[in-house]
Amino acid sequence: MKPFTFKQFEIQQSKDVFRVGTDGVLLGALAGVENASHVLEVGTGTGLISLMLAQRNLQAGFLGLDINEDAAKLTQLNFENSPFHARLKNSHQDFKTFETVDRFDLIVSNPPYFEESGSEKDKIARQTVELNFRQLISRAAELLSGNGIFSVIIPVEAGGTFVSIGKENNLHLNRKINIRGIENAKAKRLILEFSSHEKETIESDFVIEKSPRQYSDQYLELTKEFHVFK
């Protein structure tokens, strides 16, 4: 499978691992990494998100986890081939049983979810996803540093459930980005950021395309340090 080339690094891809996609690019470009020293990515896939965050924060150290062995190997390859390799580590591990004494200033994840194809709109397989979300959130809450941020991108339909489970784990929604695929459409994804500190939620909107196959100025500006636009 063809590699995906960014300005400062290249992502090798595999048919057995989720490919580079817009969700990962958005989270890599928008997650609150600015003040982080120790970053954990849960479910690295290709390693894209950690690599983007490492480009944005030149001091932070990164640890990536993936339960899928193929993904862990691919992440390792992409980390090793990047200019940030000295600050990037990864491990083939299940986050649910991951043991560490470390605490992280940023935990970031593009978690798996299930969509019913052919339906009028995306439908969440609620029981499975809620279980996955519950485990993800509770473990993230345990591993965050005092001022740590937990940042995810999820389908808009799952937002209410995710925020409710966060509250149960003393994680409060601090930032919400409503992501629209195209101008004037309904939001289809959310980037949600949580911390243990309760404060007013900062909410904003983000549009990927201004018309079919035409990226918005907002997207072009956000990704100009990453994408090689032809």
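Is it the case that Asp94 is at pLDDT below 95, over 21 Å from Phe4 (Cα atoms) and more than 15 Å from the chain's Cα centre (by Cα)?
Values: at pLDDT below 95: yes; over 21 Å from Phe4 (Cα atoms): yes; more than 15 Å from the chain's Cα centre (by Cα): yes.
Taking the combined requirement at face value, the residue satisfies it.
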Practice task
Kindly list the number of the only condition in (1) open to solvent by 10 Å² or more (accessible area, probe 1.4 Å); (2) closer than 22 Å to His197 by Cα; (3) modelled with pLDDT under 95; (4) not β-branched (Val, Ile, Thr) that fails for Phe133.
Solution key: (1)
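Tell me, which residue of the range 207-230 that is touching a residue at least 60 places away in the same chain (Cβ under 8 Å) and part of a loop (DSSP other than H, G, I, E, B) is farthest from the chain's Cα centre (by Cα)?
To start, the set of residues in the range 207-230 that are touching a residue at least 60 places away in the same chain (Cβ under 8 Å) comprises 208, 222-223, 225-228.
Applying the additional criterion that residues be part of a loop (DSSP other than H, G, I, E, B) yields 223, 225-226, 228.
Working: Thr223: 15, Glu225: 18, Phe226: 16, Val228: 21 Å.
Here the residue is Val228.
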Exercise for the section: Would you mind telling me which numbered condition in (1) more than 25 Å from Arg180 (Cβ to Cβ); (2) at pLDDT below 95 Pro112 fails? Expected result: (1)
Problem - Residues that are open to solvent by less than 90 Å² (accessible area, probe 1.4 Å), in contact with a Phe, Trp or Tyr (Cβ under 9 Å, 6 or more places away or on another chain) and farther than 30 Å from Val156 by Cβ, drawn from the range 80-113 - result: Ser82, Pro83, Phe84, Arg87, Leu88, Ser91
Practice task
Report whether or not Ser204 is open to solvent by 10 Å² or more (accessible area, probe 1.4 Å) and in a strand (DSSP E or B).
Solution key: yes
Completion exercise
Restricted to the range 1-36 and to residues being touching a residue at least 40 places away in the same chain (Cβ under 8 Å), among the β-branched types (Val, Ile, Thr) and closer than 28 Å to Ile149 by Cα, the residue surrounded by the fewest Cβ atoms within 10 Å (Cβ to Cβ) is Thr22
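Mind listing whichever residues of the range 172-201 are among the charged types (D, E, K, R) and part of a strand (DSSP E or B)?
Looking only at the range 172-201, we keep the residues that are among the charged types (D, E, K, R), and these are 175-176, 180, 183, 186, 188-189, 193, 198-200.
Matches in the range 172-201: Arg175, Lys176, Arg180, Lys188, Arg189, Glu193.
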Practice task
Filter the range 40-79 for residues that are open to solvent by 10 Å² or more (accessible area, probe 1.4 Å) and acidic (Asp, Glu) and give the result.
Solution key: Asp66, Glu69, Asp70
Practice task
Could you tell me whether any residue of the range 51-71 is at pLDDT below 95 and under 24 Å from His227 (Cα atoms)?
Solution key: yes
Exercise for the section: Output the number of residues of the range 139-156 satisfying the condition of being open to solvent by 30 Å² or more (accessible area, probe 1.4 Å) and assigned to a strand (DSSP E or B). Expected result: 3
Problem - Residue count for the range 173-190, restricted to those that are modelled with pLDDT of 95 or more, surrounded by fewer than 17 Cβ atoms within 10 Å (Cβ to Cβ) and either under 19 Å from Asn132 (Cα atoms) or over 18 Å from the mean Cα position of the chain (by Cα) (or both) - result: 3
Completion exercise
Within the range 102-118, restricting to residues that are part of a strand (DSSP E or B) and not charged (D, E, K, R), the one that is nearest to Leu143 (Cα to Cα) is Phe104
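Test Phe162 against the stated conditions and say whether it is outside any helix (DSSP H, G or I) and open to solvent by less than 70 Å² (accessible area, probe 1.4 Å).
So Phe162 does not fit the description; no.
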Exercise for the section: Counting only residues that are among the polar types (S, T, N, Q) and more than 23 Å from Phe133 (Cβ to Cβ), give me the helices (runs of 4 or more DSSP H) lying completely in the range 5-101 with at least 1 of them. Expected result: 48-56, 69-80
Completion exercise
Per the filter on the range 39-52, residues closer than 10 Å to Phe84 by Cβ and either charged (D, E, K, R) or within 10 Å of the chain's Cα centre (by Cα) (or both) are Ser50
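The values are calculated or read from the model by the stated rules, or taken from the named source; none is laboratory data. Just so we're clear, the structure is a prediction, and the values are computed from it rather than from any experiment. Ideal geometry is used to build each Cβ from the backbone, glycine not excepted, and the neighbour counts take in all protein chains shown. Protein only, heavy atoms only, side chains kept; ligands, DNA and RNA dropped before computing areas. Shrake-Rupley method; radii C 1.70, N 1.55, O 1.52, S 1.80 Å.
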